[in-house]
Amino acid sequence: MDTYGDFFKELGPAQEKITRVIRDEEAQFNKTIAQGMKVFEKKAAQLKAAGKKELSGADAFFLASSMGFPLDLTEIMCDQRGLTVN
């Protein structure tokens, strides 16, 4: 508000709504990440139990498309666990 208030006069009256929308979006994103983490951890445990080291493209796609879990985060987490993504 302090930075752009002079240029965008409509920000002042909408500040409360803008703040609420941002908080709601952040909460939803955190919920999505938490759900995706559960699914990822389950898949990673299954791979480890089977002695495999590669998360399938289908699993990575499911995480991204159905769970909203970012592919780059899946790749980072796989790398941290010594896994790869097909």
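The values are calculated or read from the model by the stated rules, or taken from the named source; none is laboratory data. The model shown is predicted, which means the values in this text are computed figures rather than measured ones. Using ideal geometry, Cβ is built from the backbone for each residue, glycine included, and neighbour counts are taken over all protein chains shown.
Annotations for the structure displayed:
- Pairs with Cβ under 9 Å, 6+ apart, first in segment 41-60 and over 15 Å from Asp79 (Cβ atoms) and free of Cβ contacts under 8 Å to residues at least 12 places away in the same chain, second outside any helix (DSSP H, G or I) and of a type outside the set (Phe, Trp, Tyr): Gln46/Lys52; Lys52/Leu83; Ala58/Asn86
- Which listed residue is in contact with a Leu (Cβ under 8 Å, 6 or more places away or on another chain) and of a type in the set (A, V, I, L, M, F, W, C), from Phe62, Phe69: Phe69
- Test for Lys31: is it part of a helix (DSSP H, G or I), charged (D, E, K, R) and surrounded by 11 or more Cβ atoms within 10 Å (Cβ to Cβ): yes
- All of Asp6, Asp72, Asp59 fail the test of being in a loop (DSSP other than H, G, I, E, B) and out of contact with any Ser or Thr (no Cβ under 7 Å at 6 or more places or on another chain), apart from Asp6.
- Put simply, of Lys52, Lys38 the only residue that is within 13 Å of the chain's Cα centre (by Cα) and at pLDDT 95 or above is Lys38.
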